[in-house]
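The structure under discussion appears below in the form of structure tokens.
The values are calculated or read from the model by the stated rules, or taken from the named source; none is laboratory data. For clarity, every value in this text was computed on a predicted model and none was experimentally measured. Every residue, glycine among them, receives a Cβ derived from its backbone with ideal geometry; neighbour counts consider all protein chains shown. These area figures cover heavy atoms from the full protein model, side chains too; ligands, DNA and RNA do not enter into them. Shrake-Rupley method; radii C 1.70, N 1.55, O 1.52, S 1.80 Å.
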Amino acid sequence: MKKILITGGPVHGKLDDVKIISNRFKGGLIAKLADQLSERTEVIYLTSRGSKVPKNEDIKVIYHDGLFDYQDIVLKMAPDMDAVILGGAVANLVPQTPIEGKFPSHNYNVGDVVNIPFVIAPRIIDKVKEVAPKVHLFGFKLLSNVPHEELI
């Protein structure tokens, strides 16, 4: 039987131990895709807690704890898959240096500007191509305010 890894829902970057950089998407459409594909093949679903999950209880659901955990899990599993569908909404901006512990807001006044440098996050799809060059790889890209013709 073929095996597919599907990722869905938001993939956050950590600002500190309690705050994250994320998006508002929950992965509902990709969870439905996982359900549909599970009728024909073995599906493993990687997501974050609080996201939509497939309804089929035979699908193995794995939870990640943010961008770098997501990356580690995907890259470890990809070489053993027949296909990888990257449907997770990955944060593409992450703090250059996450704050240890909790951000010390008590050290600031209301209205103070806090300079937190961000970097472009690793592109997981490129790394999957390196570790699993023969896997069937499908990536999704979220766009905003794009006409339907451009999406197609």
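Numerical summary
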quantity: Filtered residues of the stretch 14-69 (kept if aliphatic (A, V, I, L, M), in a loop (DSSP other than H, G, I, E, B) and open to solvent by 50 Å² or more (accessible area, probe 1.4 Å)); calculated: V18, V53
quantity: Residues satisfying the stated conditions in the stretch 68-114, i.e. acidic (D, E), free of Cβ contacts under 8 Å to residues at least 24 places away in the same chain and farther than 24 Å from S51 by Cβ; calculated: D112
quantity: Residues of the stretch 115-152 classified as in a loop (DSSP other than H, G, I, E, B), open to solvent by 60 Å² or more (accessible area, probe 1.4 Å) and without any contact (Cβ under 8 Å) to a residue 60 or more places away in the chain, total; calculated: 11
quantity: V74 being open to solvent by less than 60 Å² (accessible area, probe 1.4 Å), aliphatic (A, V, I, L, M), closer than 17 Å to I6 by Cβ and not in a helix (DSSP H, G or I); calculated: no
quantity: Verdict on G87 being open to solvent by less than 40 Å² (accessible area, probe 1.4 Å), on the phi > 0 side of the Ramachandran plot and either touching a helix residue (DSSP H, G or I) at 6+ places or on another chain (Cβ under 9 Å) or small (G, A, S) (or both); calculated: no
